[in-house]
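Trainee: Can you read through this structure? Questions will come right after.
The values are calculated or read from the model by the stated rules, or taken from the named source; none is laboratory data. Note that the coordinates shown come from a computational prediction; the quantities given were computed from them, not determined experimentally. Ideal geometry is used to build each Cβ from the backbone, glycine not excepted, and the neighbour counts take in all protein chains shown. Ligands, DNA and RNA are stripped out before the accessible areas are found, and what is left, the full protein with its side chains, is counted by its heavy atoms. Shrake-Rupley method; radii C 1.70, N 1.55, O 1.52, S 1.80 Å.
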Amino acid sequence: MSLDVPTHVLDSAARGELDDAQFVAVVRDSLPYAWDVVSQAADDRLARPEAPFGEHEVPPPSERERGQLLRALASNAIRGALERHFGVVLAFQNCHRVAAFAPASVDSPIYREFISPRGQVLNQSPELRDC
């Protein structure tokens, strides 16, 4: 199970009353490593307004943390909630490179290059092959 959902949140969801704030709190508490990575990428974007995007490039310290990051970014619901919460559009390469783009940048050449097959291939290295 990728999320630890408290009973009161399950009850809210069953009644059709689940809101983003409740869901984001579940994600933050269940996937703390992924939360920190996305938070750092979003903070980096804000701290460096001249940069085309914020990013986090530190490989996860273990498979447990890598799993959290993959679950967060592979789930449409989780990824979407993180993007809305932090006000960014996330992009992901390899097992660890997370970029946070301003929503207005999504159609930019830099964004398109980051998410392109070419961008993915250029970000490969032998030490990242197994991630």
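Trainee: Pick out the one residue from Ser2, Ser39 that is in a loop (DSSP other than H, G, I, E, B), touching a residue at least 40 places away in the same chain (Cβ under 8 Å) and of a type in the set (Ser, Thr, Tyr).
Mentor: On the way: Ser39 fails: in a loop (DSSP other than H, G, I, E, B).
When all the criteria are applied, what remains is Ser2.
Trainee: Please go through segment 36-68 and give me each residue that is open to solvent by 40 Å² or more (accessible area, probe 1.4 Å) and closer than 15 Å to Ile78 by Cα, ordered by number.
Mentor: The answer is Asp36, and nothing else.
Trainee: Identify the residue in segment 84-117 that is touching a residue at least 12 places away in the same chain (Cβ under 8 Å) and in a helix (DSSP H, G or I) and, among all such residues, is surrounded by the most Cβ atoms within 10 Å (Cβ to Cβ).
Mentor: Per the stated criteria, the residue is Phe114.
Trainee: Within the group Val9, Val26, which residue is out of contact with any Pro (no Cβ under 8 Å at 6 or more places or on another chain), open to solvent by less than 70 Å² (accessible area, probe 1.4 Å) and either more than 28 Å from Gln124 (Cβ to Cβ) or at pLDDT 95 or above (or both)? Reasoning before the result, please.
Mentor: On the way: Val26 fails: out of contact with any Pro (no Cβ under 8 Å at 6 or more places or on another chain).
After applying the criteria, what remains is Val9.
Trainee: Mind listing whichever residues of segment 108-127 are modelled with pLDDT under 90 and charged (D, E, K, R)?
Mentor: Of everything in segment 108-127, those that are modelled with pLDDT under 90 and charged (D, E, K, R) turn out to be Arg118, Glu127.
Trainee: Continuing with this model, one more query. For segment 57-67, check the following and say yes or no: at least one residue is within 28 Å of Gly119 (Cβ to Cβ), out of contact with any strand residue (DSSP E or B) (no Cβ under 8 Å at 6 or more places or on another chain), part of a loop (DSSP other than H, G, I, E, B) and modelled with pLDDT of 95 or more. If you could, list the steps in order and put the result at the bottom.
Mentor: The first filter runs over segment 57-67 and keeps only residues within 28 Å of Gly119 (Cβ to Cβ), leaving 57-67.
After this cut, where a residue has to be out of contact with any strand residue (DSSP E or B) (no Cβ under 8 Å at 6 or more places or on another chain) as well, the list is 58-67.
When the remaining residues are screened for being part of a loop (DSSP other than H, G, I, E, B), the result is 58-62.
In the following step, the residues that additionally are modelled with pLDDT of 95 or more were identified as none.
No, because not a single residue in segment 57-67 is within 28 Å of Gly119 (Cβ to Cβ), out of contact with any strand residue (DSSP E or B) (no Cβ under 8 Å at 6 or more places or on another chain), part of a loop (DSSP other than H, G, I, E, B) and modelled with pLDDT of 95 or more.
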